[in-house]
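S.K.: Can you keep this structure in mind? I'll have questions shortly.
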Amino acid sequence: MDISLFMTPLETRPALLAGAAAVVIDALRMTSTSATAFANGCAALYAVREVEEARALRASVPDALLGGERHGVLIEGFDLDNSPLSFSRARVAGRRLIMTTTNGTWAITGVAAARRVLLGAFVNASAVARALLDERSVVIQCAGTDDRLSLEDVLAGGAIVERLLALGAQAHLDDAAQAALTLWRAQGADLHAALRDTHHYNVMLRGGQRADLDFCLRTDVLDAVPVRGADGWFAAQ
């Protein structure tokens, strides 16, 4: 298994996506929220880049819920924001979701050429690793924040790599994947401490989102892995 990791969407090498399984990570919060939605019975999820794309798609899927944010704030007229705590079973069970976020959904659409696309985070790291075991080529795409590296996404990538190795994967890591693994092994035991001085963590603290941080920085609490289908909609594996 070859494992490559891109720390921001600007680094993505399209040639590596052909035939690969791509794991998109936006640990704070989109991919954590997506895994939570499926754990709570969401029927399907579609990711788009722009707000107007989301509204246009909902016009053709009127029973779908609109979810997302811009710069951490609920989008006007949307049903849900991007907090995993909003995606309760009462709100999303049996429902289709259309999502657009500042960073996560952009990263998802950026790896559209991959053979397979999965959504990963700390909360479902082991489940993602199990879903990747038979792959020959894995690309881990970190969403970052505004096209800059976000340490939490890199650490989550390292967590997934470590779990793949623990499951017996015979893996060749590129330098970025090796760096992510090294960071995870050094700092993964206390994620709040590791991220205390980072940009996105503190933006969320200032925004009153400590509960979301506490939720998203737990490891291996969900078994749901969102996987893109042939029609572009994600479903749980």
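All of the numbers you see were taken from the coordinates with simple rules; none came from a lab. Quantities reported herein were computed from a predicted structural model and do not represent experimental measurements. When we count neighbours, we look across all protein chains shown, and the Cβ atoms used for this are built from the backbone with ideal geometry, even at glycine.
S.K.: How much length is gained on full extension from residue 203 to residue 148, taking 0.36 nm per residue of separation minus their Cα-Cα distance?
M.R.: 18.4 nm
S.K.: Name the helices (complete DSSP H segments) of the chain with a Cα length along the long axis of 20 Å or more and a Kyte-Doolittle mean of at least -0.5, or state none.
M.R.: Passing helices, by number: 151-166.
S.K.: Between residue 219 and residue 192, with labels modelled 7 Å along Cα→Cβ, what's the label distance in nm to one decimal, could you check?
M.R.: 1.7 nm
S.K.: Sort out for me the Cα centre separation of region 27-55 from region 178-227, rounded to whole Å.
M.R.: Spelled out, the Cα-based centre of one part sits 19 Å from the other.
S.K.: Test of the criteria: in region 1-65, which trypsin sites (Lys or Arg not before Pro) are in a DSSP loop and have at most 11 other Cβ atoms within 10 angstrom of their Cβ?
M.R.: Taking region 1-65 and a limit of 11 other Cβ atoms within 10 Å, no loop trypsin sites (Lys or Arg not before Pro) are found.
S.K.: Using Cα-Cα distances under 8 Å and only pairs 6 or more residues apart, what relative contact order does region 90-237 have, in percent?
M.R.: Relative contact order, region 90-237: 31 percent.
S.K.: Modelled label-to-label distance, residue 50 and residue 113, 7 Å Cα→beta-carbon offset: nm?
M.R.: Modelled inter-label distance: 2.2 nm.
S.K.: Counting DSSP beta bridges in the chain, what percent are antiparallel, to the nearest 5?
M.R.: So the antiparallel bridges in the chain amount to around 25 percent.
S.K.: May I pose another question? Please identify the trypsin sites (Lys or Arg not before Pro) of region 78-118 that satisfy two criteria: DSSP loop assignment and at most 15 other Cβ atoms within 10 Å. Which are they?
M.R.: 115
S.K.: Express the relative contact order of region 1-155 as a whole percentage, based on alpha carbon pairs under 8 Å and six or more residues apart in sequence.
M.R.: Relative contact order comes out at 45 percent.
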